[in-house]
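I have placed the structure first, in the form of C-alpha cells, so that the comments after it can refer back to it.
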Amino acid sequence: MFKPQQRDRDDRAETDDSQRAVFAAGAPVDAADEPVILAFPAAGEARVGEAGGRDAGAGEARTAAPRPSLRDAIENWCHRVELAPDLAADIGSRKWLRGLATMLGLSGAALALLPGFSAVEAAATMPLGAAQQDEFRSQSIAPLALGADTGRHMGATPLVSPLTGVPERPTVQLTSTLGRGDTLPRLLERAGLGSADVAQVTQLVGGIVPAGDMASGTQFDITLGRRPAEGAARALDSLTFRARFDLDVSVERGPGGLMAVRHPIRVDETPLRIRGTVGSSLYRSARNAGAPVGAIQSYLRAVDKYLSLDGDLRSGDEFDMILAYKRSAKGEREVGDLLYAGVARGGKPKLQLMRWGDGGGNAGGKEGEMFPASSIGQPRAVPIGQPVASTRITSPYGGRRHPILGYVRFHAGIDFGSPYGAPIYAVADGVVTFAGRHGGHGNYVRLQHGGGLGTGYGHMSRIAVRNGTRVRAGQVIGYVGSTGLSTGPHLHFEAYRGGRTINPAGIAVIQRPQIDGRERDAFKARLNRLLGVTPGAALGSIEPAASDPVDAEREIDKLGR
C-alpha cells in the first residue's frame, strides 16, 4: 500500500484548521463543502475510512491493526539499521563503526567455532624388508606387463576348483624383461627354468657379456620345452637377447646340451654431418636442419669458448656439425657425441673445432676435449673466465679511499659484490702457489698460470684447495666471505705479471697446446676424413647383406599392430 505524501498531510492540516474556525463561530457546516481526504495506509498501520461529514453522529470508522510478529519486527529492524555497510565509505561514522563491529563479531564467531588441531591417532609406519617389498610388487599390475617381478603366486580362494587333468602344452614361448636392479638368475627363475639350467645359462652368457654390462630393459625371448618328469621344471629350448648394438646372443639346446651362439649385426659408423645457415637464430636453424637437441647444446658450448654467439656470428654464416652415428642392419640408429664443430663465412672456415683425446677416435664415445684446428702446435691467448657468478663491481682497480683505514690508498684489484658463501672459481688453468691467511686479504688463494700470469683471490670465508694443487678453469677454489680488512662479504680479485700487480680487467692467459708434434699429423688426418663426409649421407638405409639373418615375426608382435 502507499503512504500519504507530505503535501496531502499539509492540505489536511489546513482543512482541519479552517473547520475548527467555522465551529468556533457557530456556523453550520455543509457536508457537500467538506473535502474528501483519501489516505492509503502502509502495511501494519491502521486503516481509517473517511467519507461524508465529520458530524457527531457519523464519527470516524477505525480498524484495529494486527500486532506484528517477532520475525516481522526483527526484519523491520534490520531493514532500518544497516548492519553490514560498505567499510570503504564513510570511514569513522557511526554506520562504519557498526559495520566494523559486525565484521569483528562474525570473525570472533568463526574463530570460536574453528575445529582444533589435536593429534589424530594413526597406524605407525613400519619399515618393509626385501621379502615384503617383493610381495607388494608381486601384487601390482605394472610388473606383470613386463613378465612379472618376483614370480610369486597368489593363493587360491574357495572359488577356484582344481581340474582333474589337463593336457600340458609341448612348448611355452614368453618374453621376460630385465628390470632395474634385477639379475639374470632371478629373471630365469621367474621364467620357470630349473636350477641346473639357470646356472648353465648364467655361465654361458657371462662368458660373452659381463653381468654388469646388461642394461635394464633388455628383453629375453625364451622358449621352454617339455618337462623331463612330472612336477619338474620345464627344460630350456632356446633363449635370445640383444647383448650390444652390434651383437645378438642366443642360447640353444643341441645334442650335447646348451650352448651359446653369437650373432654379429652389421653396423655402419658413418658420421652424421649437418650443415645450414645461421639465420636469425642458430638454435632454430639447427633444429630445422634435423640436429638433435643434445648435439646443438654441445655445439653451442664448444663454439661459445672461442666466438661470441651474440656479436661474432652473422645471419649469413654457416654452421657445420658432425656427430658420431651408428646404423645397424636391423634398422636401429644411435646418435653419439659431437665430433666436429665449425663456422664458415663467405665459404671460408672461421672456426674449426675437433674432438681429440684418449678415446682413439671411437665414434660415439667420450674422446676428450674440442681443440681448434688453427692453433695446433701453437700457443694462444685465451680470455680468463669470471671468478664469481656476480658481475657487480663494488670497487675498481686504482686509487681510492680505504673504507676502514680512512685514507687514500692504491687498490690493486677489483672487488666483486657477491653473497656470503658464493663459490669462487679459478679463471684459468693453473697451480696453487699460496693458500692460507694473508694479512689484510684474510683467507687468500694465489694461482700461477701460463705466460707468467698469476691471480689472487682474497677475503674468502673458506678455502677449498691446498698449496701445490693443480686446478682447471672453472674449478671451485673457495667461497666468498669477509675475512681480513673487509666491511662486508665480497671477493677481492687481483692479477700479477712478473710479480707486479696489473689491472685484472680484460687480461688473457697463454694456453700451451696439448697436442704435441707426434699427434699433429694424426689430428690433421682425422680432420680431413671428417670434412670429407657428405651431409646427410648417414641417414640412408643399410642394404642387407646375404649373410644377414632374417628374423621371423612372432605371434605376440602381431598383437601390437
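Once you charge only the Cβ atoms, +1 for Lys and Arg and -1 for Asp and Glu, what is the size of the charge dipole of the stretch 157-272 about its Cα centre, to the nearest 20 debye?
Taking the Cα centre of the stretch 157-272 as origin, the dipole is about 240 debye.
Any chance you could run the full-extension gain for Glu519 through Asn467? It's 0.36 nm times the residue separation minus the Cα-Cα distance, nm to one decimal.
Working it through step by step, the gained length comes to 15.4 nm.
Hey, any idea what the orientation-averaged projected area of the convex hull of the stretch 285-359's Cα atoms comes to, in nm²?
Across all orientations, the stretch 285-359 yields a mean hull projection of 6.3 nm².
Towards the positive end of the charge dipole of the stretch 422-523, with charges on Cβ (+1 Lys, Arg; -1 Asp, Glu), say which of Ala505, Gly442, Ala495 has the farthest Cα.
Gly442
Given H placed on each backbone N at 1.01 Å, which residues far from Lys350 in sequence or on other chains put an amide H within less than 5 Å of it?
The list, which skips near neighbours in sequence, is Val343, Ala344, Arg345.
Express in nm, to one decimal, how much length is gained between Thr164 and Val476 on full extension, taking 0.36 nm for each residue of separation and deducting their alpha carbon distance.
104.9 nm
Given a cut-off of 20 Å, name the pairs among Lys350/Lys524; Lys305/Lys326; Lys348/Lys524 whose C-alpha atoms lie farther apart than that in the structure shown.
Beyond 20 Å: Lys305/Lys326.
Two-decimal Rg/Rh of the stretch 204-345 from alpha-carbon positions, Kirkwood Rh?
Ratio of gyration radius to Kirkwood radius: 1.26.
By how many nm would the segment from Val172 to Leu485 grow when fully extended, if each residue of separation counts as 0.36 nm and the alpha-carbon distance is taken off?
Taking Val172 through Leu485 to full extension adds about 104.6 nm, to one decimal.
Can you bin the stretch 173-212 into rounded, prolate or oblate? Criterion: square roots of the alpha carbon gyration tensor eigenvalues sorted a ≥ b ≥ c, rounded for a/c under 1.5, prolate for a/b above b/c, oblate for the rest.
Note, shape of the stretch 173-212 comes out oblate.
So, with a 1.4 angstrom probe, what is the percent of accessible area on the stretch 201-349 that is carbon and sulfur?
45 percent
Tally Lys/Arg at +1 and Asp/Glu at -1 over every other residue whose Cβ is under 11 Å from the Cβ of Pro170; what's the total?
+2
What nm value, rounded to one decimal, do you get for the distance between Leu106 and Ala130 when each label is placed 7 Å out toward the C-beta?
So the label points at Leu106 and Ala130 sit 6.3 nm apart.
Taking θ as phi - 60°, what are the ³J(HN,Hα) couplings along the stretch 315-329 by the Karplus curve (6.51, -1.76, 1.60), each to the nearest whole Hz, with x for Gly and Pro?
Once θ is set to phi - 60°, the couplings for the stretch 315-329 become 5, x, 5, 10, 9, 9, 10, 10, 10, 5, 8, 10, 10, 9, 5 Hz.
Starting from the 7 Å offset along Cα-to-Cβ, what nm value, one decimal, do you get for the label separation of Leu300 and Glu121?
According to this spin-label approximation, the distance is 5.9 nm.
Please give the Cα centre distance for the stretch 303-318 versus the stretch 81-111, rounded to the nearest Å.
Going from one Cα centre to the other spans 67 Å.
Between Leu309 and Gln448, what's the calculated FRET efficiency when r is the beta-carbon distance and R0 is 30 Å? Round to 0.05.
0.45
Using modelled backbone amide H atoms (1.01 Å from N, in-plane), which distant-in-sequence or interchain residues come within less than 5 Å of Ser395's amide H?
Under 5 Å from the amide H of Ser395 lie the amide H atoms of Asp415, each far enough along the sequence or on another chain.
If a paramagnetic tag sat 7 Å from the Cα of Arg186 along the Cα-Cβ line, which residues of the stretch 194-223 would have the backbone N under 12 Å from that point?
Answer for the stretch 194-223: none.
For the stretch 171-299, report the accessible area per residue in Å² (1.4 Å probe, heavy atoms, rounded to an integer).
The answer is 52 Å² per residue.
Quote the FRET efficiency, to the nearest 0.05, computed for Glu252 versus Arg284 with a Förster distance R0 of 60 Å and r equal to the Cβ-Cβ distance.
Approximately 0.70, to the nearest 0.05.
The values are calculated or read from the model by the stated rules, or taken from the named source; none is laboratory data. This one's a predicted model, so the numbers in the text were calculated from it and none came from an experiment. Cβ atoms come from the backbone with ideal geometry, glycine included; neighbour counts cover every protein chain shown. Please note that ligands, DNA and RNA were not included when accessible areas were found on the heavy atoms of the full protein model with its side chains. Shrake-Rupley method; radii C 1.70, N 1.55, O 1.52, S 1.80 Å.
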